[in-house]
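Asker: The structure's right below; bear with me while I get my questions together.
The values are calculated or read from the model by the stated rules, or taken from the named source; none is laboratory data. All figures in this text were calculated on a predicted structure; none of them were measured in a lab. Backbone-built Cβ (ideal geometry, glycine too); neighbour counts: all protein chains shown. The area values use the complete protein model at the heavy-atom level, side chains included, leaving out ligands, DNA and RNA. Shrake-Rupley method; radii C 1.70, N 1.55, O 1.52, S 1.80 Å.
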Amino acid sequence: MSGGEPKSFRTTARSALIWGTGVSISLQIVQVAISLILVRLLTPQIYGQFGLIQAIVVFTYVFSIQSFLEHALRQKTDNTLQYARHWSFGLILHGCLFVIVNGVAAGFLWIENLAPLAPYLAIGSIGILLNLPRILWSTVLQIELDWRRLRLLKSISVLLSGGVAIGLALSGFGVLALMAHMILVPVPFAADLFISRRGLIAWDFDFKAYASAMRFGITRSASEVL
């Protein structure tokens, strides 16, 4: 091994750490600024309505493909077939979560105080479907150590959702303004995945081959529930 190689690796690692930290801090500042603007534009009632919707939708993320894809992070192998199996299982899993949340939204229609929130919950459930490609693509980028692309997509997500949220709030859309983050954050990831690596989203599910990831994901999901 030549003397320049370790130095190059250290330089690359140091650069990635500095850029990653800088971008993370910058995005946090932007998100706080967006939150302060929205607080000025929206009423406490709107925040209360959104809080219930967010609690239901976010709870479903405990059962998302995220826990199962962490199995791929442990293996650290760039295997297209492996990703296709995760994608296939994710379609089944997130499809079921989508149906369940919409079932809850339908139940809201029978409760007078919650009936006005049913359409918002149904809209929020779209985020469950959109998060499937976001989670998959984020995991792939982590395995491939493509931190620059990951930072760029995160930045676009924050700016896109924040800009739309403020625009909706100014236009009087209330709860929908707060839901912009829930719906739009996954969009840049999904678009980039479909454009650049469409081969990862092929249907190829083998229950026996996926058994190890299945056990790992169920165990992680159960711990998250507790």
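Asker: At 4 °C and a viscosity of 1.567 mPa s, what translational diffusion coefficient does Stokes-Einstein give for the stretch 167-226, taking Rh as the Kirkwood radius over Cα pairs? Give it in µm²/s as a whole number.
Answerer: Working: Rh = 15.3 Å.
Approximately 85 µm²/s, per Stokes-Einstein.
Asker: Please report the spacing between the Cα centers of the stretch 20-46 and the stretch 177-226 in Å, no decimals.
Answerer: 26
Asker: Would you mind putting 115-126, 50-61 in packing order, based on average other-beta-carbon counts within 10 Å, highest first?
Answerer: Sorting 115-126, 50-61 by mean packing, highest first, produces 115-126, 50-61.
Asker: Which whole-number value in Å² is the accessible area per residue of the chain, probe 1.4 Å?
Answerer: Numbers: 12640 Å² over 226 residues.
Per residue, the chain has 56 Å² of solvent-accessible surface.
Asker: Here's a follow-up. Where does the stretch 154-196 land on Rg(C-alpha)/(2.2 N^0.38 Å)? Before the final figure, lay out each step's value.
Answerer: Values: Rg = 11.2 Å, N = 43, 2.2 N^0.38 = 9.2 Å.
Dividing the Cα Rg of the stretch 154-196 by 2.2 N^0.38 Å gives 1.22.
Asker: When the helix-only estimate is applied to the chain (DSSP H runs of n ≥ 4, each -39,500 (n - 2.57), divided by the residue count), what is the mean residue ellipticity at 222 nm, nearest 500 deg cm²/dmol?
Answerer: Working: 10 runs with 179 residues, N = 226.
My calculation for the chain gives -27000 deg cm²/dmol from helical runs alone.
Asker: Continuing with the same structure: Output the direction-averaged projected area (hull surface divided by four) of the convex hull of the alpha-carbon atoms of the stretch 64-158, in nm².
Answerer: On the way: hull surface 27.7 nm².
The orientation-averaged projected area of the Cα hull of the stretch 64-158 comes to 6.9 nm².
Asker: With +1 on each Lys and Arg Cβ and -1 on each Asp and Glu Cβ, how big is the dipole of the chain about its Cα centre, in debye rounded to the nearest 20? Walk me through the numbers before you get to the answer.
Answerer: Numbers: 17 positive and 10 negative charges, 128 e Å.
Approximately 620 debye in magnitude.
Asker: Do any chymotrypsin sites (Phe, Trp or Tyr not before Pro) in the stretch 159-226 lie in a loop, going by DSSP, with at most 10 other beta-carbon atoms within 10 Å of their beta carbon, and if so which?
Answerer: Working: sites: 173, 189, 194, 203, 205, 207, 210, 216; in loops: 173, 203, 205, 207, 210.
Answer in residue order: 203, 207.
Asker: What whole-number value in cubic angstrom gives the convex hull volume per residue for the C-alpha atoms of the chain?
Answerer: 148
Asker: Can you tally the net charge around residue 207? Count Lys and Arg as +1, Asp and Glu as -1, for every other residue whose Cβ sits under 13 Å from the Cβ of residue 207.
Answerer: On the way: positive: 85, 208, 215; negative: 204, 206.
Counting the neighbours of residue 207, the net charge comes to +1.
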